[in-house]
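Just so it is clear, none of the values below were taken in a lab; they were calculated from the coordinates. These numbers come from a predicted model, not from an experiment. No Cβ is skipped: glycine too gets one built from the backbone with ideal geometry, and neighbour counts run over all protein chains shown.
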């Protein structure tokens, strides 16, 4: 960068009292208003954190080494940074901010680190699990809008663990995807498939995140659940899960994902359902009516929530492209 082409403020004799304002000052040369705002708040909070905790050099280096180790263990099938975000509650917070839901719609929750893009496309009634040890489960659900109208041709990603509490990608000898699929809702907004009863399981805790949980005296377990992700043009992207009622970890999920509206009681398949769906009578039964929100509904609610929240913090902002930036007018 040619210094003659840019007016750079003098950066000398910086100390505890003036370092923050000077870092913000030079970052303010950025012409992207949103990026400038995000960096201004990031630097402010990072510097305040260091001041408030009187962060030591050893602690700072330990943090750098922890983040380095977190990055090194990441792979195509293991995202340790998402796991770190999950156990710190950041994943749920970001989802709640970006995908607010009106009261009559299905709430979102965390994606988790084990979603993949190699799931097979299956038709109605097919089985997503090849695990012979799992307890058979019929899942029969619907997808509707906030007015109760069925939504057809919604792309639905579904994934769950096997009966040992492991996702397919956690098995070194796996032959291909298992316990997951992509399917679409029918003209009535319905979709159904065969699976196995979800079981509780520990998140991967053999890496940096596991070591952090141990230091914090926290367990690594997630309650029994099944993941769902819904996509259709014009509707807000929904990532959610259904959790089993009375699971031993229902109220202490390691990644904070459980919400009352997403907790379900399993039933049993009776003779009529067995005949209708061609499954064994007595199998477990999971039912749920998912409600999607339009993109415009979500955008309006997100902008409103952002303005209210930042007004309470005393920050004067305006909403541009759905995101807050400083209001300098």
Crossing angle, helix 57-73 versus the chain [Cα axis fit, 0-90 degrees, rounded to tens]: 40
In percent, how large is the relative contact order of segment 101-293, given Cα pairs closer than 8 Å and 6 or more residues apart? 29
Give the distance, in whole Å, between the Cα centre of segment 76-97 and the Cα centre of segment 158-221. 15
Could you sort 290-299, 92-101 so that the peptide with the highest average Cβ count within 10 Å comes first and the rest follow in order? 290-299, 92-101
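Using the count of nearby Cβ atoms within 10 Å as a rough guide to exposure, how do 193, 256 rank from fewest to most?
256, 193
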Cα-projected label distance for residue 323 with residue 60, points at 7 Å along beta-carbon direction, nm: 2.9
State the Cα centre-to-centre distance between segment 270-329 and segment 8-47 in whole Å. 34
Give me the number: length gained by fully extending residue 12 to residue 135, i.e. 0.36 nm times residue separation minus the C-alpha to C-alpha distance, one decimal in nm. 37.5 nm
For segment 63-109, rounded, prolate or oblate, judged on the Cα gyration tensor with a ≥ b ≥ c (square roots of eigenvalues), a/c < 1.5 rounded, else prolate if a/b > b/c? prolate
Angle between the Cα long axis of helix 33-53 and the longest principal axis of the chain, 0 to 90 degrees, nearest 10? 80
Where does helix 295-312 land angle-wise versus the long Cα axis of the chain, in degrees 0 to 90, nearest 10? 40
Calculate for the chain the 222 nm mean residue ellipticity that helices alone would give, adding -39,500 (n - 2.57) per DSSP H run of length 4 or more and normalising by residue count, nearest 500 deg cm²/dmol. -9000 deg cm²/dmol
Over segment 101-293, what is the percentage of antiparallel beta bridges among all DSSP beta bridges, to the nearest 5? 70
Can you give me the relative contact order of the chain as a percent, contacts being Cα pairs under 8 Å and 6 or more apart? 18
Exposure proxy ranking, count of Cβ atoms within 10 Å, fewest first, for 261, 70: 261, 70
When only Cα pairs under 8 Å and 6 or more residues apart are kept, what is the percent relative contact order across segment 153-193? 49
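Kindly put 46, 285, 39 in sequence by how many other C-beta atoms sit within 10 Å of each C-beta, fewest to most.
46, 39, 285
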